[in-house]
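Here the structure is laid out as structure tokens; the discussion comes afterwards.
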Amino acid sequence: MSAAERLRPFAPAMGIVLGSGLGAVAERIETEATIPFAELPGFPRPAVEGHGHRVRLGRLGGLKVACLEGRAHYYETGSTAAMAAPIRALREAGAQILFLTNAAGSLRPEIGPGQLLLVTDHINLLPGNPLVGPNDERIGPRFPSLRDAYDPALRALLRDGARRLGIPLAEGVYAAYPGPSFETPAEIRMIRGFGADAVGMSTVPETILARHCGLRVAAVSVIANLAEGLGPTGPSHAETLAATRRAAKDLARLVEDFCKSLAAQ
């Protein structure tokens, strides 16, 4: 049985992909079922601390969701298309929206660890694009547009929710860096010069894959650290997990409110 066939009976309206240390979002879901990634063809086998290995199916804020507790990264697989099967399975199962989360380094000193950043656009610094190779027109067009890749109407809902909940929500451009080493100070100066406000090692391939198959996308970064050269110490994965876990409660509240708004439409 395909992954889409396993997910379809739950009729998820939205897929959620959780970044490192963000399990508080999944904990708010009224869970109907969980499926290990190992049982879903093409799904990744995450090996990074802070990532789960399952899909949680249920309701969040009254909206049916399929939450992926973990993802595959370019630095683990050597492929920007490592998340193609999960993203396309969500679409085939009926999802209309993909909500992406990640832990990121801030390129703006005024946006510090533990804050949330609404992604408005991205810069792809990964060595490739997940759509390289033969195109299946049944999935999406050969040359998909990425104008408004991060859906303006969904961003407006998130702004409204953050204001209502009293959660500070910065906005900016996310740059995807290959990893797994953190960026050098010189690379951070370069990325800032490109116009990025945050940098991480995920999300961009998933956005491209989602837009290709017709999913609307929203994304929020949890700022885990100041990027190299902007703070008194360098970033570490332990610091990333600690900061994201502190901010995860705010993110969980925001995502739940977002789902309530969508369910009411």
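Computed quantities for the displayed model
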{"item": "Number of positions in region 180-234 that are part of a helix (DSSP H, G or I) and polar (S, T, N, Q)", "result": "1"}
{"item": "Selection count, region 3-36, where residues are more than 23 Å from residue 258 (Cβ to Cβ) and modelled with pLDDT under 95", "result": "1"}
{"item": "Every pair of residues 6+ apart whose Cβ atoms lie under 8 Å, when the first sits in region 172-196 and is aromatic (Phe, Trp, Tyr) while the second is modelled with pLDDT of 95 or more and part of a loop (DSSP other than H, G, I, E, B)", "result": "174/196; 174/197; 174/203; 177/125; 177/126; 177/201"}
{"item": "Some residue of region 22-42 being more than 14 Å from the chain's Cα centre (by Cα), under 19 Å from residue 224 (Cβ atoms) and of a type outside the set (A, V, I, L, M)", "result": "no"}
{"item": "Of all residues making up region 154-178, the number that are assigned to a loop (DSSP other than H, G, I, E, B) and either closer than 21 Å to residue 112 by Cβ or at pLDDT below 95 (or both)", "result": "4"}
{"item": "Residue match in region 124-147 (condition: within 17 Å of residue 204 (Cβ to Cβ), touching a Leu at 6+ places or on another chain (Cβ under 6 Å) and not in a strand (DSSP E or B))", "result": "yes"}
{"item": "Cβ pairs under 6 Å, 6+ apart, first in region 120-148 and closer than 30 Å to residue 180 by Cβ, second in a strand (DSSP E or B)", "result": "120/171; 121/173; 122/174; 123/175; 124/176; 125/175; 125/176; 126/176"}
{"item": "Residue in region 187-194 that is modelled with pLDDT under 95 and among the aromatic types (Phe, Trp, Tyr) present", "result": "no"}
{"item": "Tally, over region 124-153, of residues that are surrounded by fewer than 19 Cβ atoms within 10 Å (Cβ to Cβ) and in contact with a Lys or Arg (Cβ under 7 Å, 6 or more places away or on another chain)", "result": "5"}
{"item": "Some residue of region 111-123 being farther than 28 Å from residue 169 by Cβ and surrounded by fewer than 21 Cβ atoms within 10 Å (Cβ to Cβ)", "result": "no"}
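The values are calculated or read from the model by the stated rules, or taken from the named source; none is laboratory data. On a predicted model such as this, the values are computed, not experimentally measured, just so you know. Positions of Cβ are generated from backbone atoms using ideal geometry, with glycine treated the same way; all protein chains shown enter the neighbour counts.
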